[in-house]
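Beneath this line is the structure, given in structure tokens, with notes to follow.
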């Protein structure tokens with residue numbers, strides 16, 4: 001399209017030009033620190049510093065073959081190359097195919113299309129991802145579903161190492177977060193950001209914080225991700241020297257769980273007029289009915305609680321029914337939750 005539709009146009013504030021300075025994200029070699037207490041301690045210190053400032057770091061040598069990552073991209077491409085009518089038939093509420101979230105919103109639409117599905121660490125069926133792809137797209141997409149299921153299984157293994165590293169960085173039992181997320185309810189998303197003839201007036205994703213706990217992102221070799229730190233947008237460019245690098249970022253749910261010690265930072269995605277950009281995103285979330293509360297070690301000096309206890313199911317419902325995810329999702333949720341608790345049991349919600 002030579003003219004960007006009005007629904008895809010963003011405000012000048014959201015489109016504020018980014019800095020040429022890059023975000024300082026430590027790159028952690030997971031293979032090098034495994035079994036080495038000194039290396040692990042040094043890595044944990046770097047992660048702690050990054051998470052307290054902006055919540056982003058990167059990992060490499062994580063055990064996921066780069067060729068396999070590229071193969072997963074190709075399998076996801078087969079969905080995006082389908083005729084529009086076929087893609088639209090794979091839309092189901094908040095899951096499956098979506099173009100710019102247009103089924104939910106009519107303004108500030110992101111310049112992207114995506115395919116989203118759930119992945120449970122304790123699945124009802126060992127083939128639940130494959131079964132989902134076949135049910136949504138047809139039997140001929142069994143191979144695509146199998147590739148995605150294997151990718152999720154690989155990300156599950158990566159998450160185990162990340163959660164151990166984060167636990168150590170927080171000064172809690174190294175297995176604390178692993179145990180908490182052992183029955184994780186993850187969300188997996190394949191993204192495609194088409195090239196745009198006028199990228200200066202739209203965004204691939206608008207400014208927001210991830211409401212989830214932890215994000216494991218692989219971006220292709222096309223730039224676009226930016227993080228808002230110290231009142232400026234800083235790019236997180238791909239690393240050509242380590243193309244397998246995974247970007248890890250803290251989400252709102254984990255920020256609340258750390259009592260605000262670790263930051264869920266505002267970020268966005270730019271588009272360009274030259275080439276498509278693609279990414280694979282794996283979101284960790286606790287089991288829906290688990291209570292999110294900080295470890296006792298983070299409160300042992302009488303620190304004030306910054307967030308009330310809540311469950312992932314409550315927070316997720318808020319993002320789906322009451323508030324479009326943005327930079328203020330968590331504080332808005334806390335206010336909403338407190339209002340709900342103050343209402344008489346027979347009252348209707350204050351707002352939706």
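Points to keep in mind about this one:
- Virtual spin-label span in nm between residue 128 and residue 239, 7 Å along Cα→Cβ: 3.2
- Here the contact order of the stretch 6-309, divided by its residue count and restricted to Cα pairs under 8 Å and six or more residues apart, works out to 24 percent.
- Inter-label distance, residue 146 to residue 61: 3.3 nm, where each label sits 7 Å from its Cα along the C-beta direction.
- Taken as Cα centroids, the stretch 291-338 and the stretch 199-267 sit 20 Å apart, rounded to the nearest whole angstrom.
- Chain lengthening between residue 200 and residue 274 when straightened (0.36 nm per residue, less Cα-Cα): 25.3 nm
- For the pair residue 74 and residue 93 in one chain, pulling the backbone fully straight at 0.36 nm per residue adds 4.3 nm over the alpha carbon distance.
- If the convex hull is drawn through the Cα atoms of the stretch 50-145, its volume per residue in Å³: 169
- Counting only Cα atoms, the size of the chain along its three principal axes is 58, 56, 47 Å, in decreasing order.
- Centroid-to-centroid, using Cα positions, the stretch 88-143 and the stretch 4-44 are 26 Å apart.
- The modelled label-to-label distance between residue 321 and residue 27, using points 7 Å beyond Cα along the C-beta direction, is 4.5 nm.
- Net length gained if the chain between residue 19 and residue 104 were fully extended (0.36 nm per residue, minus Cα distance): 27.4 nm
- Sites residue 37 and residue 332, calculated FRET efficiency, Cβ-Cβ separation with R0 30 Å, nearest 0.05: 0.10
- MRE, 222 nm, helices only [DSSP H, n ≥ 4, -39500 (n - 2.57), over the chain, to nearest 500]: -10000 deg cm²/dmol
- With neighbours defined as other Cβ atoms within 10 Å of a residue's Cβ, the residues 227, 275 order from fewest to most as 275, 227.
Each reported figure results from applying straightforward, stated rules to the coordinates on display, with no laboratory input. This structure is a prediction, so every number in the text was calculated from the model and none was measured. FYI the Cβ positions are ideal-geometry reconstructions off the backbone, even for glycines, and counts take in every protein chain you see.
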